[in-house]
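Below is one structure, written out as structure tokens; comments come after it.
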Amino acid sequence: MKKHLGISFFFGLIIIVFCPLSVMNGQGYSPAQERNAYDYFDRVGDKSYYQQQKIDFMKDEMNDYSRRLHSLQEKFNQKFFGSGSGDGFKSPFSKQSNVSPPQNNFPEPEKEDSKQTSPRYLKNSQKLAFEVNQGEATPVVEDEQPKQVREANQDASPPVSRQKQGMGGYLVLRPGITLPYDDKTSHFPGGKSKHREYKPGPIVSLSGGYKWGGLMLGGGVLYKENRYDLGDSYEEVGGIRYSFDSGSKSKTVAGFVEVGYEHWLHQRVKFVSNLNVGYGVSLVEDFSSSSSMPGGGSHCRERIDPTFYGSIGLGFGFAASEYFAFQLGYRYLYEDEVPAHAFEIGLVGNF
């Protein structure tokens with residue numbers, strides 16, 4: 001009988017010990033699943049407030065520990081040296097002004113502050129909020145911009161600043177193409193006449209001078225050439241028309257005074273206008289095969305005509321640097337023989 005009672009007691013003890021453990025294992029309890037109080041806050045303002053409260057609590061504990069340590073040191077000095085230091089206690093950590101809890105009356109905007117989500121904010125958030133120096137807390141304040149960025153911004157200057165400033169010299173080379181818009185007919189004694197129409201031709205000008213802000217004053221030279229349109233140009237003698245041969249053309253050389261103005265539209269783009277007035281000569285060469293000429297065949301005849309030269313140009317400049325720029329422009333130019341429209345590309349140097 002006693003043997004049976006001992007066996008029953010042994011099995012009952014096993015059941016009492018192992019049943020709670022099996023229940024705990026069945027529920028899947030694990031300490032790793034515990035969550036920190038910080039994880040229960042969703043909004044940035046709530047988390048910031050919670051962290052500030054933790055920091056203030058830690059400061060209070062450190063101040064209290066420092067106060068007790070100071071009191072113990074005073075008692076030690078009084079006991080063994082007969083007098084204390086006489087210095088009052090100063091808290092090594094100063095608390096910030098009371099921070100009010102964030103308001104929950106309105107929902108938090110979906111878009112978070114870019115400063116809080118930027119890599120720079122995350123980097124700065126890992127730094128200490130204070131430094132302890134001789135018993136006083138000194139806040140750490142960091143510039144919003146790194147030193148290298150500030151120096152780069154201070155040293156950076158517009159690449160065209162020299163062009164925008166007051167005085168300086170300039171030199172412009174303008175190659176382009178002319179589109180004649182008028183034909184010429186000359187009448188001579190004996191019933192002879194010449195009708196000339198011109199093809200598009202090259203033009204190039206070189207000018208330079210001085211400028212004061214946007215006003216420019218200088219001078220330059222120009223050369224242009226246009227060949228005859230042989231299909232529509234002819235010489236008429238006694239009612240009979242003779243076509244001009246290849247090589248017939250007009251060439252003009254002129255010198256001029258230039259007045260201009262430029263207005264900046266952007267850091268690198270400006271509006272440019274100029275007026276040229278001068279004097280030149282046109283050399284007209286024509287090859288004719290009229291039968292009335294002695295010996296027949298083609299003969300070259302040259303005529304030099306003085307001419308007034310004038311033009312007005314409009315365009316845009318594009319600054320590549322403070323010393324160099326490009327121009328694209330239109331010019332209306334007048335001369336006695338071949339008035340024309342012109343389109344130019346300008347290469348500008350500033351010095």
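The values are calculated or read from the model by the stated rules, or taken from the named source; none is laboratory data. The shown structure was predicted, so the numbers you read here are calculated from the model rather than taken from an experiment. As a convention, Cβ positions derive from the backbone with ideal geometry for all residues, glycine included, and neighbour counts pool all protein chains shown.
Side notes on the structure shown:
- Top-ranked residue of the stretch 301-315 - restricted to ones that are touching a Leu at 6+ places or on another chain (Cβ under 6 Å) and not β-branched (Val, Ile, Thr), ranked as surrounded by the most Cβ atoms within 10 Å (Cβ to Cβ): SER311
Every residue, every condition in (1) closer than 18 Å to ALA340 by Cβ; (2) at pLDDT 95 or above; (3) surrounded by 15 or more Cβ atoms within 10 Å (Cβ to Cβ), yes or no:
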{"residue": "HIS266", "(1), (2), (3)": "no, no, no"}
{"residue": "VAL272", "(1), (2), (3)": "no, yes, yes"}
{"residue": "LEU275", "(1), (2), (3)": "yes, yes, no"}
{"residue": "GLY278", "(1), (2), (3)": "yes, yes, yes"}
{"residue": "ASP286", "(1), (2), (3)": "no, no, yes"}
{"residue": "SER291", "(1), (2), (3)": "no, no, no"}
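- Wholly enclosed strands (runs of 3 or more DSSP E) of the stretch 201-276 bearing at least 2 residues of a type in the set (Phe, Trp, Tyr): 201-212, 249-264
- The residue that is modelled with the lowest pLDDT, counting only those in the stretch 230-264 that are closer than 24 Å to PHE316 by Cβ and charged (D, E, K, R), is GLU262.
- Condition met for GLY214 (more than 33 Å from the chain's Cα centre (by Cα) and more than 17 Å from GLU337 (Cα to Cα)): no
- Leading residue by the ranking (farthest from ASP245 (Cα to Cα)) among those in the stretch 298-351 that are among the acidic types (Asp, Glu) and in a strand (DSSP E or B): GLU344
- Those residues of the stretch 308-331 which are at pLDDT 95 or above and farther than 15 Å from VAL272 by Cβ, in sequence order: PHE308, TYR309, GLY310
- Considering residues of the stretch 71-101 that are under 60 Å from the mean Cα position of the chain (by Cα), at pLDDT below 70 and of a type in the set (Ser, Thr, Tyr) only, the residue surrounded by the most Cβ atoms within 10 Å (Cβ to Cβ): SER100
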